[in-house]
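Please read the structure below before turning to the comments.
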Amino acid sequence: MVNNTTRSIRILEVASLLAVLAHFHRALFWVGRTWQEATYESWGVLALLLLVPMLRRVPSPRSAPSTRHLAGVAGLCLLDLALAPLGLNVLSALLGLTSLHLWAVAFREYRGSWLMQRQLWLALLCLPAVYWANVLFGYHLQSLASELAGRCLWLYGIPARVQGTVITVPGAVLAVDTSCSGLKLLYSGILFGVVATPGLNRGARAILSFWGALLPMLLLGNVVRVLCLAMGQLLLGRPVGDVPHQAMGLVIFAGVCAVMLALLAMIRPPAPARGHCS
């Protein structure tokens, strides 16, 4: 009887997965196509590279599927049908990835809230988040980096005039282009934060402390990069090449990650003391 029940649950598990994949197959294929674009859209593949190893270490099966989470899967499928006339691939893909996560939680023993699972956020970051963020906030971040870098140049005694994303100094014009908006640095930092905080279990205050420090540091790191590239252009008398530009971004990103790992070690709960056998 137990074997028959287990077999029935496994059949339901596979059948429901195939149903979800069939329902959202167009949206999921669309996500895969975005990874082939030579634009900001392709950055979603980084989240996939982090997600795949995590999916290989799934929790053990439940003794019975969670009807609450299965109802959530059905509800998202119905919502997708209702929103289908809008023709928004990104919205359908969002619902599809969330449905797959709810399906996994329905059949596997995940601990904690389904919303706080790392695999969900990595899956959602597979979407072209950098592309849409660039459309919505890219210019504003470029302008902010230009303004702050211009103020820093004044501290060095260099009179800088900022107009939008252009910094004018005596004898040179420094353009802060799209690649200096900091969105790639911000996206990579968010991926780092999602992966680095699985053991952070002191509660909401510790989590807010970590993310409240990470995001400003990433934005500040981008300003430092713009400032360094501007100083390099002034010293060389010509724009800095692509290789130093990318290298500077990697160095700053590594520095931010190192600082955040040190902060994470400080706010982790202490290890429980080991008792002594008498």
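If I ask for residues that are small (Gly, Ala, Ser), in a helix (DSSP H, G or I), over 18 Å from the mean Cα position of the chain (by Cα) and loosely packed, with under 14 Cβ neighbours inside 10 Å, which ones from segment 210-253 would you list?
The one that is small (Gly, Ala, Ser), in a helix (DSSP H, G or I), over 18 Å from the mean Cα position of the chain (by Cα) and loosely packed, with under 14 Cβ neighbours inside 10 Å: ALA247.
Run ARG205 past the list (1) crowded, with 17+ Cβ neighbours inside 10 Å; (2) in contact with a helix residue (DSSP H, G or I) (Cβ under 9 Å, 6 or more places away or on another chain); (3) modelled with pLDDT under 80 and report the number of the one that doesn't hold.
Result: ARG205 fails condition (1) only.
Quick one: would you say LEU148 is surrounded by fewer than 19 Cβ atoms within 10 Å (Cβ to Cβ) and in contact (Cβ under 8 Å) with a residue 60 or more places away in the chain?
Criteria met by LEU148.
Looking at (1) under 25 Å from the mean Cα position of the chain (by Cα); (2) at pLDDT below 80; (3) open to solvent by 50 Å² or more (accessible area, probe 1.4 Å), which is the one condition that is false for VAL259?
Status for VAL259: all satisfied but (2).
Based on what the data block shows, is GLN142 in contact with an Asp or Glu (Cβ under 8 Å, 6 or more places away or on another chain) and either hydroxyl-bearing (Ser, Thr, Tyr) or modelled with pLDDT under 95 (or both)?
Answer is yes for this residue.
Look at LEU214 and say whether it is farther than 16 Å from ALA254 by Cα, in contact (Cβ under 8 Å) with a residue 12 or more places away in the chain and among the hydrophobic types (A, V, I, L, M, F, W, C).
No: the conditions fail for LEU214.
Considering only residues that are open to solvent by less than 30 Å² (accessible area, probe 1.4 Å) and farther than 25 Å from VAL243 by Cβ, which ones fall in segment 151-163?
Of everything in segment 151-163, just one residue is open to solvent by less than 30 Å² (accessible area, probe 1.4 Å) and farther than 25 Å from VAL243 by Cβ, namely ALA160.
When you check LEU18 against the structure, is it of a type in the set (A, V, I, L, M) and surrounded by 12 or more Cβ atoms within 10 Å (Cβ to Cβ), yes or no?
Spelling it out, it is not the case that LEU18 is of a type in the set (A, V, I, L, M) and surrounded by 12 or more Cβ atoms within 10 Å (Cβ to Cβ).
Hey, among the residues in segment 24-69 that are at pLDDT below 85 and under 30 Å from SER8 (Cα atoms), which one's least open to solvent (accessible area, probe 1.4 Å)?
If we take residues in segment 24-69 being at pLDDT below 85 and under 30 Å from SER8 (Cα atoms), then MET54 is least open to solvent (accessible area, probe 1.4 Å).
So that you can scan it fast, the table gives a plain yes or no per residue for (1) hydrophobic (A, V, I, L, M, F, W, C); (2) at pLDDT 85 or above; (3) open to solvent by less than 20 Å² (accessible area, probe 1.4 Å):
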{"site": "VAL105", "(1), (2), (3)": "yes, yes, yes"}
{"site": "ALA123", "(1), (2), (3)": "yes, yes, yes"}
{"site": "PRO170", "(1), (2), (3)": "no, no, no"}
{"site": "ALA175", "(1), (2), (3)": "yes, no, no"}
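What about TRP114, is it of a type in the set (A, V, I, L, M, F, W, C), within 26 Å of the chain's Cα centre (by Cα) and open to solvent by 50 Å² or more (accessible area, probe 1.4 Å)?
Yes: the conditions hold for TRP114.
So PRO53 passes all but one of these: (1) out of contact with any Leu (no Cβ under 9 Å at 6 or more places or on another chain); (2) touching a residue at least 12 places away in the same chain (Cβ under 8 Å); (3) closer than 30 Å to SER179 by Cβ. Which condition number does it fail?
(2)
The values are calculated or read from the model by the stated rules, or taken from the named source; none is laboratory data. These numbers come from a predicted model, not from an experiment. Here Cβ is always computed from backbone atoms with ideal geometry, including for glycine, and neighbour counts include all displayed protein chains. Areas reflect the complete protein model, heavy atoms only, side chains present, ligands, DNA and RNA absent. Shrake-Rupley method; radii C 1.70, N 1.55, O 1.52, S 1.80 Å.
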